[in-house]
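Data first, discussion second: the structure below is written as structure tokens.
The values are calculated or read from the model by the stated rules, or taken from the named source; none is laboratory data. Values in this document were obtained by computation on a predicted structure and should not be read as measured data. Here Cβ is always computed from backbone atoms with ideal geometry, including for glycine, and neighbour counts include all displayed protein chains. Heads up: the accessible areas ignore ligands, DNA and RNA and are worked out on the full protein's heavy atoms, side chains in. Shrake-Rupley method; radii C 1.70, N 1.55, O 1.52, S 1.80 Å.
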Amino acid sequence: LRYGLVGGFAFRVLATLRGAGWDVLYYQTQFRMDALCFGVFLGYLKCARPGWFEKLARAWPILLLLALAALLLPLLYRMGHSRLIVTVGFTVMYLAFGALVLLAGAYPDFGSRGPRVLTIPARALAIIGVYSYTIYLSHSIVYRLPGVAWLRGLILAQADFSPTLATWGDRALFWTL
């Protein structure tokens, strides 16, 4: 397990230094096996070491704040333009999502009770979770639909005018399609 955690990161760093693009690092399993191993580790904790799992989950306010802070990373840096994102950033992201998975495993009824400021976002995430695998499978196809390349090019042409506007426009296009 530790070899998978270290190996995935090491492969990603080496491939980045050799000029691999973000798409290679994002899609090929050998460069993301650390994230898979981390998920296996969380499953192991839940089943074989429930005391450790529960102890980690008791730190939920810290885990939630760290996860939310880490999830802001891709909003600040574009994946194709930053070696930081495709190396350390991918690691930070799987740790953040792992923290959310840990919390969901420890508190399965979170979001069904409590203040509305917490229940509404939790329910929205639950709805996304129901469709997440379908979204994952289809999101790369969306950019290949007729007319999308033209529309995306129009949005990204704003990069000279405003890189932030172009980045957010591209993200909005991704989520609406």
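Results, tabulated for the structure shown:
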{"read-out": "Point-to-point label distance, Phe110-Leu75, nm (Cα→Cβ direction, 7 Å offset)", "value": "1.9"}
{"read-out": "Label-to-label distance, nm, for residues given as Val117 and Gln28 (7 Å Cα→Cβ offset)", "value": "4.6"}
{"read-out": "Spin-label pair Leu100/Glu54, simplified geometry with 7 Å Cα→Cβ offset, distance in nm", "value": "2.6"}
{"read-out": "³J(HN,Hα), Karplus 6.51/-1.76/1.60, whole Hz, each residue of segment 4-12, x for Gly, Pro", "value": "x, 5, 6, x, x, 5, 4, 4, 5"}
{"read-out": "Derived scalar couplings ³J(HN,Hα) [segment 57-73; Karplus, 6.51 cos²θ - 1.76 cosθ + 1.60; whole Hz; x for Gly, Pro]", "value": "5, 5, 8, 4, x, 5, 4, 5, 5, 5, 5, 5, 5, 5, 6, 7, 3"}
{"read-out": "Calculated from backbone phi, Karplus (6.51, -1.76, 1.60) coupling profile of segment 121-138 in Hz, x at Gly/Pro", "value": "x, 5, 5, 4, 5, 5, 5, 4, x, 4, 9, 4, 5, 5, 4, 4, 5, 9"}
{"read-out": "Accessible area in square angstrom per residue, segment 7-148, 1.4 angstrom probe", "value": "66"}
